[in-house]
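*Asks:* Input: one structure, supplied below.
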Amino acid sequence: MAGHVQSKPTSLQTASRRGTEDAPWVKWTLISIGLVFALVFLLLPLLNVFFQAFAKGWSVYIASLTDPDSWSAIRLTLIVAVISVPLNLVFGLAAAWAIAKFEFRGKSLLITVIDLPFAVSPVVSGLMFVLLFGMQGYFGQWLDDHNIKIIFAVPGIVLATIFVTFPFVARELIPVMQATGSEQEQAALTLGASGWQTFWHVTLPSVKWGLLYGVILCNARAMGEFGAVSVVSGHITGQTDTMPLRVQKLYEGYGTTEAAFAVASLLALLALLTLGIKTWVEWKTQRAYDQAQRAVADLKSEI
Amino acid sequence: MSIEVKNVSKAFGNVAAVNKVNFSVKEGELMALLGPSGGGKTTVLRMIAGLEMPTEGDIFIRGVRVNDISVQKRNIGFVFQNYALFKTMNVFKNIAFGLKIKKWKRADIAGRVEELLKLLGLEGLEKRYPHQLSGGQRQRVAIARALASKPSVLLLDEPFGAVDAKIRQELREWLVHLHKDLNVTTLFVTHDQEEAMEVSDRIVIFSKGNLEQIGAPREVYEQPANEFVARFIGVMNVLEVEVQNGVGRVAELEFPVPTHPDGKKMLIGFRPYAVQISTDLAQYRYRAVLVRTYFLGIMLRLELELPSGLVLRSRITKEEYALLGLSDGREISLQIRQYRVLSSEASGLPPELHTTYELPPTIGEHI
């Protein structure tokens, strides 16, 4: 009787295991579709950018990039990133800190607001700033009277970029900070550390990988943003063109195809670099996690 | 006095977590804050540390009022329930953290950390990270870290809550020894009455934000101040009696309580060991049937049912059980040698009437 009862769950288990496993042809078809899709739609176009950029050789490539207007676009893109990424790093940290460590009214509203830039179309984001600071906007007249230019100038581009890239750092940090809790910080306080020392020695090291991840994504978007920047920039060649805007202009007849692809290749390179760092960071965090898991398993087996 | 808590209350919004609490801890004492969860004991500990601010009342550490002194400047050592070790730092850096913050010299830090590693039996683990340590080791690192800059008091929140029951016993004994070696004033929070009884010099008992009793383990066990303490500490028979002509009655039981007014209801409590039994049915006043025996190692707990259906609990040793030739279903006679009047909210008795009454010893009794 006992043997009969025991044998039943075993047969059930093998049946259920077989049930969840798909036939080999399903597996291979899915893998093939995925691979072919990635190859045709993702990898080939990217490779083509480099192919087109170098189609007329190194010297043409270099000449395209050192063209004063393209060079100005590269510089402007870097300036915008250098301003907006650190600002969003600080904003993101502050917002994530507030959400993860404090209880307050309107917390869920804050979380929703942080996500707003992801929900709004970039063109609309740009338009919002035009409506605020443009000549016909609410502050337009006042700004003009005081001779301050925001729209069709660098400040507008920076503002639009900050808006569009705002969620990246906060989004990455909130779950990490929530998982860590605030006990370690409290422990640091009981040991005599000031708020700043606690942040520097305890909080920051524990979120550093999440922070780095958020920053590189933020940077990639800051350099690559087209829609919002396009609306506020005014497309003044040599003054308010960023790299993505310059690529479009060159391609649409204000320059050669090679020049367009040369500038585009820089953006593509940035993308590859970002992916590389992202993969490395993910591998790092995964490894730290695995080590912790293994250590726990070792301890359990010791006991 | 090392710590004095005077009239301290704490409210979270409209919820009163701690209600006008008064107690003090002597220099070098090992004291437990005991109570069920939600009793306010952890809040009291955190207020002493400076992690929470009292809504009213004063807290003194070594005679200095610390209400307005920040947590950083109170010079306390705090051990969190889940230890809160810095997971990005190894054992050495965890222990050295407070010393580095206080700008100790490098050589002094190394010396102090080494001393603590030795004291807490953590030698050889200084390079390990918290996730590479066992629960017991983590706790010892947390204690070492809290002790590093020689705090005036050591505060521990549920120090044995996060470890296996098996290791817990060892850790209790270890804490007692550590406290003896260091002689630092220690206050710890626990919900386990056995733990509090075993480890501490004195116990403060909380329930629902109120302080119920302060006393040595033996004191709170033998002279519980009220019904809550009586029921919370150990096992107690608690009966509601009505007083008539100086005698409290319930079912067939009578408890002489000479100084109490007639017509009042009150609670009488007695420990299982105070219920004496005999197989000689003529020896004691009441008859009862042994309905069930619980084996608790060297002691046995007996459930005794009186003819009225009232059930009392008694406790005897294995030897006595064998000597009496007891078995479930057997009829016995019993008496209650010692009992105590417990106050209850309903009775509202003044404290001087919480007397313990004892019957005169009789000849040939079994204890």
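The values are calculated or read from the model by the stated rules, or taken from the named source; none is laboratory data. It should be emphasised that the depicted structure is a prediction, and the values quoted were computed from it without experimental measurement. Every residue, glycine among them, receives a Cβ derived from its backbone with ideal geometry; neighbour counts consider all protein chains shown. The accessibility values were calculated without ligands, DNA or RNA, using every heavy atom of the protein model including side chains. Shrake-Rupley method; radii C 1.70, N 1.55, O 1.52, S 1.80 Å.
*Asks:* Taking the conditions exactly as written (closer than 30 Å to B:A49 by Cα, more than 10 Å from chain B (Cβ to nearest Cβ) and touching a residue at least 24 places away in the same chain (Cβ under 8 Å)), does A:M177 satisfy them or not? Walk me through how you get there before you give the answer.
*Replies:* Working: closer than 30 Å to B:A49 by Cα: yes; more than 10 Å from chain B (Cβ to nearest Cβ): yes; touching a residue at least 24 places away in the same chain (Cβ under 8 Å): yes.
Judged against the criteria, A:M177 is a match.
*Asks:* Would you mind stating whether B:K73 is surrounded by fewer than 17 Cβ atoms within 10 Å (Cβ to Cβ), within 14 Å of chain A (Cβ to nearest Cβ) and out of contact with any helix residue (DSSP H, G or I) (no Cβ under 7 Å at 6 or more places or on another chain)? I'd like the intermediate steps shown before the answer.
*Replies:* Working: surrounded by fewer than 17 Cβ atoms within 10 Å (Cβ to Cβ): yes; within 14 Å of chain A (Cβ to nearest Cβ): yes; out of contact with any helix residue (DSSP H, G or I) (no Cβ under 7 Å at 6 or more places or on another chain): yes.
So B:K73 passes the test.
*Asks:* Given A:G195, A:G227, which one is in contact with a Pro (Cβ under 6 Å, 6 or more places away or on another chain), of a type outside the set (F, W, Y) and open to solvent by 10 Å² or more (accessible area, probe 1.4 Å)? I'd like the intermediate steps shown before the answer.
*Replies:* Details: A:G195 fails: in contact with a Pro (Cβ under 6 Å, 6 or more places away or on another chain).
The unique qualifying residue is A:G227.
*Asks:* Here are the criteria: (1) more than 13 Å from chain A (Cβ to nearest Cβ); (2) open to solvent by 70 Å² or more (accessible area, probe 1.4 Å). Tell me which single one B:K87 does not satisfy.
*Replies:* (1)
*Asks:* Of all the residues that make up segment B:64-118, how many are aromatic (F, W, Y) and more than 32 Å from the chain's Cα centre (by Cα)?
*Replies:* Here is the first cut: in segment B:64-118, the residues aromatic (F, W, Y) are B:78, B:80, B:83, B:86, B:92, B:97, B:104.
Remaining after also requiring more than 32 Å from the chain's Cα centre (by Cα): B:92, B:97, B:104.
Residues meeting the conditions: 3.
*Asks:* Does A:E183 satisfy the criteria of being within 14 Å of chain B (Cβ to nearest Cβ) and either under 30 Å from B:K100 (Cβ atoms) or open to solvent by 10 Å² or more (accessible area, probe 1.4 Å) (or both)? Walk me through it before giving the result.
*Replies:* Numbers: within 14 Å of chain B (Cβ to nearest Cβ): yes; either under 30 Å from B:K100 (Cβ atoms) or open to solvent by 10 Å² or more (accessible area, probe 1.4 Å) (or both): yes.
Spelling it out, A:E183 is indeed within 14 Å of chain B (Cβ to nearest Cβ) and either under 30 Å from B:K100 (Cβ atoms) or open to solvent by 10 Å² or more (accessible area, probe 1.4 Å) (or both).
*Asks:* Can you name the residue in segment B:90-106 that is open to solvent by 40 Å² or more (accessible area, probe 1.4 Å) and within 13 Å of chain A (Cβ to nearest Cβ) and is also farthest from B:A144 (Cα to Cα) among such residues? It would help to see each step written out before you state the result.
*Replies:* So in segment B:90-106, the residues open to solvent by 40 Å² or more (accessible area, probe 1.4 Å) come out as B:92-93, B:100, B:102-106.
Filter once more, so that each one left must be within 13 Å of chain A (Cβ to nearest Cβ): B:93, B:100, B:102-104.
Values: B:K93: 11, B:K100: 15, B:K102: 16, B:K103: 18, B:W104: 16 Å.
Among them, the one singled out is B:K103.
*Asks:* Another question about this same structure. Out of A:F152, A:F129, A:F133, which single residue is more than 18 Å from the chain's Cα centre (by Cα), free of Cβ contacts under 8 Å to residues at least 60 places away in the same chain, buried (at least 18 other Cβ atoms within 10 Å of the Cβ) and more than 14 Å from chain B (Cβ to nearest Cβ)? Give the derivation first.
*Replies:* Working: A:F152 fails: free of Cβ contacts under 8 Å to residues at least 60 places away in the same chain; A:F129 fails: free of Cβ contacts under 8 Å to residues at least 60 places away in the same chain.
It is A:F133.
*Asks:* Let me ask something additional. With the checklist (1) more than 14 Å from chain A (Cβ to nearest Cβ); (2) open to solvent by less than 10 Å² (accessible area, probe 1.4 Å) in hand, flag the one item B:V66 doesn't pass.
*Replies:* Only one criterion in (1) more than 14 Å from chain A (Cβ to nearest Cβ); (2) open to solvent by less than 10 Å² (accessible area, probe 1.4 Å) is unmet by B:V66, namely (1).
*Asks:* Can you tell me which residues in segment B:1-54 are assigned to a strand (DSSP E or B), over 20 Å from the mean Cα position of the chain (by Cα) and loosely packed, with under 14 Cβ neighbours inside 10 Å?
*Replies:* Scanning segment B:1-54 gives B:N7, B:F12, B:V15.
*Asks:* Is it the case that some residue within segment B:144-153 is part of a helix (DSSP H, G or I), within 9 Å of another protein chain (Cβ to nearest Cβ) and not hydroxyl-bearing (S, T, Y)?
*Replies:* Kept after step one, since they are part of a helix (DSSP H, G or I), are these residues of segment B:144-153: B:144-147.
Among the residues that remain, those that are also within 9 Å of another protein chain (Cβ to nearest Cβ) are: B:145-146.
So of that shortlist, the ones also not hydroxyl-bearing (S, T, Y) come out as B:145-146.
Yes; the residues of segment B:144-153 include at least one that is part of a helix (DSSP H, G or I), within 9 Å of another protein chain (Cβ to nearest Cβ) and not hydroxyl-bearing (S, T, Y).
*Asks:* Here is a further query. Which one is least open to solvent (accessible area, probe 1.4 Å) among residues in segment B:107-135 that are within 10 Å of another protein chain (Cβ to nearest Cβ) and part of a helix (DSSP H, G or I)?
*Replies:* So the first thing to find is which residues in segment B:107-135 are within 10 Å of another protein chain (Cβ to nearest Cβ), and the list is B:128-135.
Going one step further and asking which of them are part of a helix (DSSP H, G or I), we end up with B:130-132, B:135.
Values: B:P130: 13, B:H131: 52, B:Q132: 69, B:G135: 31 Å².
That would be B:P130.
*Asks:* Would you check which residues across segment B:256-266 are open to solvent by less than 20 Å² (accessible area, probe 1.4 Å) and in a strand (DSSP E or B) and list them? Quick ask: steps written out before the conclusion?
*Replies:* We begin by selecting, within segment B:256-266, every residue open to solvent by less than 20 Å² (accessible area, probe 1.4 Å); these are B:257, B:260, B:266.
Listed by number, the list holds a single entry, B:M266.
*Asks:* Further, regarding this structure: Enumerate the pairs (first residue in segment A:187-204 and within 7 Å of chain B (Cβ to nearest Cβ); second residue anywhere and open to solvent by less than 40 Å² (accessible area, probe 1.4 Å) and of a type in the set (D, E, K, R)) with beta-carbon separation below 8 Å, excluding pairs fewer than 6 apart on the same chain, so at least 6 apart or on different chains.
*Replies:* A:A187/B:R145; A:L191/B:R145; A:V202/A:E185
*Asks:* Mind checking which residues of segment A:40-67 are touching a residue at least 60 places away in the same chain (Cβ under 8 Å) and of a type in the set (V, I, T)?
*Replies:* A:V49, A:V60
*Asks:* Tell me which residues, restricted to segment B:319-367, are modelled with pLDDT of 85 or more, among the hydroxyl-bearing types (S, T, Y) and surrounded by 10 or more Cβ atoms within 10 Å (Cβ to Cβ).
*Replies:* Once the filter is applied, which keeps residues that are modelled with pLDDT of 85 or more, among the hydroxyl-bearing types (S, T, Y) and surrounded by 10 or more Cβ atoms within 10 Å (Cβ to Cβ), segment B:319-367 yields B:Y321, B:S333, B:Y339.
*Asks:* Now a separate question. State the number of residues belonging to segment B:268-296 that are hydroxyl-bearing (S, T, Y), farther than 17 Å from B:G329 by Cβ and part of a loop (DSSP other than H, G, I, E, B). Step through it out loud before you land on a result.
*Replies:* Within segment B:268-296, the subset hydroxyl-bearing (S, T, Y) is B:273, B:278-279, B:284, B:286, B:293-294.
When the remaining residues are screened for being farther than 17 Å from B:G329 by Cβ, the result is B:273, B:284, B:286.
Filter once more, keeping what is part of a loop (DSSP other than H, G, I, E, B): B:284.
Of the residues in segment B:268-296, 1 are hydroxyl-bearing (S, T, Y), farther than 17 Å from B:G329 by Cβ and part of a loop (DSSP other than H, G, I, E, B).
*Asks:* Can I ask one more? If we keep just the residues of segment A:158-180 that are open to solvent by 20 Å² or more (accessible area, probe 1.4 Å) and among the β-branched types (V, I, T), which is farthest from A:F102 (Cα to Cα)? Steps first, answer last, please.
*Replies:* Within segment A:158-180, the subset open to solvent by 20 Å² or more (accessible area, probe 1.4 Å) is A:159, A:162-163, A:166, A:168, A:171-172, A:175-176, A:178-180.
Retained after the next criterion (residues that are among the β-branched types (V, I, T)): A:162, A:176, A:180.
Numbers: A:I162: 25, A:V176: 15, A:T180: 13 Å.
Ranking the candidates gives A:I162 first.
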